[in-house]
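Undergrad: Here it is, the structure, as structure tokens.
Every number here is computed from the coordinates shown, using simple stated rules; none is lab data. The model shown is predicted, which means the values in this text are computed figures rather than measured ones. Counting neighbours? That spans all protein chains shown, and the Cβs are built from the backbone with ideal geometry, glycine included.
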């Protein structure tokens with residue numbers, strides 16, 4: 001009689017076992033809770049990987065900003081006509097960019113500009129006036145008939161469609177927000193033109209090291225500002241050239257497109273700086289969410305009847321790290337253009353929902369005995 005051969009059990013590789021467990025934690029809260037028994041370094045690795053994945057939409061959004069869209073996307077709100085006028089008038093002014101700094105001949109600039117407030121202000125502004133027709137109703141008086149009150153009178157008028165300022169001392173954005181934010185600094189008011197109050201103004205501030213652009217809003221608030229963007233003069237293509245050369249149209253190119261390309265190149269350094277700033281903020285938010293939600297899990301299990309109160313704070317930190325990966329993957333949906341506005345919030349929202357579900361379903365207190 002033949003002897004029975006012992007059945008050899010095949011041992012699965014520990015790495016494969018770990019990968020299978022990690023995949024389970026994507027959808028299983030129980031697996032994430034079991035993660036407290038796994039080596040601590042795996043939990044930390046998953047937490048860091050989740051945070052990195054969570055900030056990918058923010059990185060992509062910030063590092064792919066096309067500054068030219070400021071002029072070329074949507075309505076340009078008279079920037080095309082006003083920049084053409086400014087190009088022609090500014091052609092008599094000497095300007096040059098050297099060592100990342102813009103210099104403009106002060107006397108020539110003043111000859112082109114106006115100083116509505118006289119010697120009480122230290123800046124001179126270039127103002128582009130947009131023609132507009134204003135319709136007003138003539139009221140009835142004692143000397144007119146009632147029918148004359150309905151007569152509509154048309155008269156030629158104007159509003160300031162673009163204001164350009166130059167400062168060789170201040171940061172351009174600081175100059176704009178500190179000096180021009182108040183309604184008293186609205187160019188229409190500065191020019192003594194208080195009749196037209198239904199327009200805000202396109203704004204350009206040229207400074208020594210940078211420039212600041214504001215696109216007006218198409219509403220009835222004189223204090224409301226639209227989109228804004230700041231650029232630097234530190235692009236290699238700008239060095240040794242005048243502002244007129246940099247913004248000169250090439251071939252069939254429009255003036256607006258030439259300015260748009262200048263914005264795109266000048267925004268390069270800002271794009272990198274802002275991109276890494278937002279990436280750092282996003283990464284800090286992701287790590288902070290993991291730490292905070294681990295603390296929340298520990299806090300909600302402190303009840304006397306909760307069997308999970310035997311776990312310490314570090315155990316719940318590890319559980320939180322293991323549970324963070326699938327919300328990070330969900331956060332990648334912010335790469336879809338329609339969800340781009342949620343790039344900073346989609347991951348934390350999904351993460352909070354999962355932790356809340358875990359605390360209510362998998363970490364519940366023991367039922368009360370009847």
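Undergrad: Let's test the formula: R0 of 51 Å, r as the Cβ-Cβ distance of residue 84 and residue 312. What FRET efficiency results, to the nearest 0.05?
TA: On the way: r = 70 Å, r/R0 = 1.37.
Taking R0 as 51 Å, the efficiency between residue 84 and residue 312 is 0.15.
Undergrad: Please tell me the relative contact order of segment 214-328 in percent, rounded to the nearest whole number, where contacts are Cα pairs under 8 Å and at least six residues apart. Walk me through the numbers before you get to the answer.
TA: Numbers: 77 pairs, mean separation 20.0, N = 115.
The normalised contact order for segment 214-328 reaches 17 percent.
Undergrad: Now a separate question. Provide Rg over Rh for segment 25-73; use the alpha carbon set for both Rg and the Kirkwood Rh (inverse mean inverse pair distance). Please report the intermediate quantities before stating the final value.
TA: Working: Rg = 18.3 Å, Rh = 13.7 Å.
Answer for segment 25-73: 1.33.
Undergrad: Hey, any idea what the orientation-averaged projected area of the convex hull of segment 277-370's Cα atoms comes to, in nm²?
TA: Numbers: hull surface 28.0 nm².
Averaging across all directions leaves 7.0 nm² for the Cα convex hull.
Undergrad: Let me ask you something else. Sorted by mean Cβ packing within 10 Å, highest first, what order do the peptides 98-104, 204-210 take?
TA: Working: 98-104: 15.3, 204-210: 21.3.
The most tightly packed comes first, giving 204-210, 98-104.
Undergrad: I would also like to ask the following. Between residue 277 and residue 19, what is the label-point separation in nm under the 7 Å Cα-to-beta-carbon projection?
TA: 4.2 nm
Undergrad: Here's something else I'd like to know. Applying a 10 Å radius around every beta-carbon, put 108-115, 313-320 in order of their mean neighbour count, most first. Numbers along the way, then the final one.
TA: Working: 108-115: 15.4, 313-320: 21.2.
Top of the packing list down: 313-320, 108-115.
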